[in-house]
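Asker: One structure is given below, represented as structure tokens, and several questions about it will come after.
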Amino acid sequence: MLHQNSRDLFDELMNKLAEQEFKNRGFKRTRFVDGFEDYDKILDEMFEKFEYFETEIIKIENGTPVTND
């Protein structure tokens with residue numbers, strides 16, 4: 001963990017958040033392979049939300065008006 005770059009740390013955080021959301025939605029794994037499609041969907045949703053918020057922050061920093069789309 002000491003030699004990780006910021007992208008590795010970000011990915012690790014996103015995976016931990018996705019795992020927690022997986023549990024919050026009531027999904028369970030009885031075997032190692034159970035739930036990977038649901039987990040991947042949650043992880044994709046989280047990355048999409050992050051990218052959206054990142055874009056909105058860049059707009060604000062650049063002085064671009066932010067709309068309520």
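Asker: Can you give the extra length, in nm with one decimal, that the chain gains between Ile58 and Asp11 once fully stretched, where that is 0.36 nm per residue apart less the Cα-Cα distance?
Answerer: Full-extension gain reported as 14.8 nm.
Asker: On to the next question. For region 6-61, give the magnitude of the charge dipole about the Cα centre (Cβ charges: +1 Lys/Arg, -1 Asp/Glu; no others), in debye to the nearest 20.
Answerer: Details: 10 positive and 16 negative charges, 80 e Å.
With only Lys, Arg, Asp and Glu charged at Cβ, the dipole is about 380 debye.
Asker: Here is a further query. Just give me a number: lysine pairs in the chain, eight or more positions apart or cross-chain, with C-alpha atoms less than 20 Å apart.
Answerer: For the chain, the number of qualifying lysine pairs is 8.
Asker: Obtain the nm distance between the two label points defined at Asp38 and Lys23 by a simple spin-label model: each point lies 7 Å from its Cα along the Cα-to-C-beta direction.
Answerer: 1.4 nm
Asker: If you line up the Cα atoms of the chain on their principal axes, what length do they span on each, largest first, in Å?
Answerer: Rounded to whole Å, the extents work out to 50, 36, 16 Å.
Asker: Can you give the longest run of the chain that contains no trypsin sites (Lys or Arg not before Pro) sitting in a DSSP loop with at most 16 other Cβ atoms inside 10 Å?
Answerer: In short, 32-69.
Taken together, the values in this text are just the output of simple stated rules run on the coordinates, not laboratory data. Here the structure is a predicted model, which is why all the values come from computation and not from measurement. Cβ: placed from backbone, ideal geometry, glycine included. Neighbour counts: every protein chain shown.
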